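Take a look at the structure below.
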Amino acid sequence: HGIWAVIPAAGSGKRFGGEVPKQYLEIAGRPLIAHALDALLAHPAVEGAVVAIAANDERWPGWTSRCGKLLLRCTGGAERADSVLAALRALPAAVAGDDLVLVHDAARPNLRQDDIARLIAAASQHPDGALLAAPVRDTLKRADAHACVLATAPRDGLWRALTPQAFRRAALTSALERARVDGVVVTDEAMAMERMGAKPMLVEGREDNLKVTTPADLALATYLLSL
Ligand code: C5P
């Protein structure tokens, strides 16, 4: 069975500031999205990728293949989950309902092969799928609107959800469709699956698989990719 990658890259990147959407910021002469795509396509089990691009995106380079593998594009939507759903619908018909799909943020350029391999191994064994995650290391505070501490949340058992997240195509598609019908904004694929009663496996991933959200993140990702 082939595994396909799905890359939501239709965000405007407003939190970063500036006019270049963050997936097109460059590290070592390549946009973040190229780093993300090439890491996934370098894995031998990954057959190809679908990228979800904003309708008004004038920067998409028009790639139809990378690393000798097929690259498809589709138009993304208003929320991340809409973009992922559009990409799932754009997968080739040959992708079976129980084939794994790896969903990975375009803005995470520092994805390593060993994390991909361990994620695929876990998701292949686990019917409810799997996602990379990192245990929370800081003490967590809940605050009111004035940044006054209300409580300390125990961090035992709390993880940060990373990407890629690996689920079976048909199950993920129906979970995302259901979230949309219910009017619930899901911020990752696992959340959509959890709403359907699934219990995805957490696979401890590298802390440095960071999502570029601020200029400081870009500087850090640039350094990490130079190692
Ligand atoms: O904004 P955030 O950092 O959560 O975005 C994570 C990923 O989801 C990015 O790669 C972004 O391009 C993508 N996204 C999308 N469609 C949206 C919003 C975000 O594909 N409507």
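Rule-based calculations on the coordinates, nothing more; no lab input. Given the structure is predicted, the values throughout are model-derived calculations rather than measurements. Don't worry about glycine lacking a Cβ; one is built from the backbone with ideal geometry, like all the others, and counts go over all protein chains shown.
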| query | Restricting to region 51-99, what's the tally of residues that are within 18 Å of Ile33 (Cβ to Cβ), within 12 Å of the ligand (Cβ to nearest atom) and among the small types (Gly, Ala, Ser)? | reply | 8
| query | Considering Arg155, Arg206, Arg142, which residue is under 27 Å from Gly2 (Cα atoms), not hydroxyl-bearing (Ser, Thr, Tyr) and not in a helix (DSSP H, G or I)? | reply | Arg206
| request: Kindly indicate whether Leu119 is of a type outside the set (Phe, Trp, Tyr) and either more than 30 Å from Tyr223 (Cβ to Cβ) or not in a helix (DSSP H, G or I) (or both). | output: no
| message | Within region 1-31, take every residue that is of a type in the set (Val, Ile, Thr), more than 11 Å from the ligand (Cβ to nearest atom) and under 28 Å from Ala117 (Cβ atoms) and give me the one that is surrounded by the fewest Cβ atoms within 10 Å (Cβ to Cβ). | response | Ile27
| Can you list the strands (runs of 3 or more DSSP E) found entirely within region 1-90 that contain at least 1 residues being in contact (Cβ under 8 Å) with a residue 24 or more places away in the chain and among the small types (Gly, Ala, Ser)? | 3-9, 46-53
| query | Which of the residues spanning region 135-168 are surrounded by 11 or more Cβ atoms within 10 Å (Cβ to Cβ) and more than 21 Å from Leu202 (Cβ to Cβ)? | reply | Lys141
| query | Can you pull out the residues in region 72-98 that are surrounded by 15 or more Cβ atoms within 10 Å (Cβ to Cβ) and among the small types (Gly, Ala, Ser)? | reply | Gly76, Gly77, Ala81, Ser83, Ala86, Ala87, Ala90
